[in-house]
Amino acid sequence: QVQLVESGGGLVQPGGSLRLSCAASGSIFSINPMGWYRQAPGKQRELVARITSGGSTNYADSVKGRFAISRGNAKNTVYLQMDSLKPEDTAIYYCNARVSSRTSYGTVERDYWGQGTQVTVSS
């Protein structure tokens, strides 16, 4: 089993910054990719940013130039630096990881999600 634990959400004023962290633990052989999604009230969950094990990134158009995703040295952690936050960034942010685990049946690949962390941008 794999667990994703997020931290770093909170309340911030427009124009402010927050840094989200996500750490994966458990039966992990490799993770590729890791990313952040968000879901605002009444809206579908959407991709915010994603990073591969090789360091390639992609971002939602709405956050390009303001958010930066990175992975820790241990490769089981991912960060989201959010700058110039806007009220429309308010949402629950979820960490996602596509994890490969070695089992007696061979290598199994599965998506895992964190519990979500609330980000509220308001004056």
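Divide, for the range 61-123, the radius of gyration over alpha carbons by 2.2 N^0.38 Å, where N is the residue count.
Values: Rg = 15.5 Å, N = 63, 2.2 N^0.38 = 10.6 Å.
In units of the globular-protein estimate, the range 61-123 measures up at 1.46.
Could you rank D61, D89, D111 by how accessible they are, 1.4 Å probe, largest area first? Walk me through the numbers on the way to the answer.
Working: D61 125, D89 0, D111 60 Å².
Descending accessible area places them as D61, D111, D89.
Relative contact order for the range 1-122: what percent, with Cα pairs under 8 Å and sequence separation of 6 or more?
Working: 304 pairs, mean separation 42.8, N = 122.
Result for the range 1-122 is 35 percent.
Apply the a/c threshold of 1.5 to the C-alpha gyration tensor of the chain and tell me whether it is rounded, prolate or oblate.
Because a/c hits 1.5 or more and a/b exceeds b/c, the chain counts as prolate.
Note down the Stokes-Einstein diffusion coefficient of the range 1-66 in µm²/s, whole number, using a Kirkwood radius over alpha carbon pairs, 20 °C, and 1.002 mPa s.
Numbers: Rh = 13.9 Å.
It diffuses with D of about 154 µm²/s by this estimate.
Spelling out what I want: for every residue of the range 78-87, take phi, set θ = phi - 60°, compute 6.51 cos²θ - 1.76 cosθ + 1.60 (Karplus), and round to whole Hz; glycine and proline get x.
My calculation for the range 78-87 gives 9, 10, 10, 8, 10, 10, 6, 5, 10, x Hz in order.
Expressed as a whole percentage, what fraction of the accessible surface of the range 1-79 belongs to carbon and sulfur atoms when a 1.4 Å probe is rolled over the protein heavy atoms?
Numbers: 1980 of 4210 Å².
Whole-percent figure for carbon plus sulfur exposure: 47.
Looking at the chain, identify the longest residue range that excludes and avoids all chymotrypsin sites (Phe, Trp or Tyr not before Pro) in DSSP loops having at most 12 other Cβ atoms within 10 Å.
On the way: sites that count: F29, Y105.
Of all site-free stretches, the longest is 30-104.
Among DSSP bridges having both ends in the chain, what percentage is antiparallel? Round to the nearest 5.
Working: 44 of 47 bridges.
Roughly 95 percent of the beta bridges in the chain run antiparallel, per DSSP.
The values are calculated or read from the model by the stated rules, or taken from the named source; none is laboratory data. Quantities reported herein were computed from a predicted structural model and do not represent experimental measurements. Quick reminder, even Gly has a Cβ in these numbers, built from the backbone with ideal geometry, and neighbours come from all protein chains shown. These area figures cover heavy atoms from the full protein model, side chains too; ligands, DNA and RNA do not enter into them. Shrake-Rupley method; radii C 1.70, N 1.55, O 1.52, S 1.80 Å.
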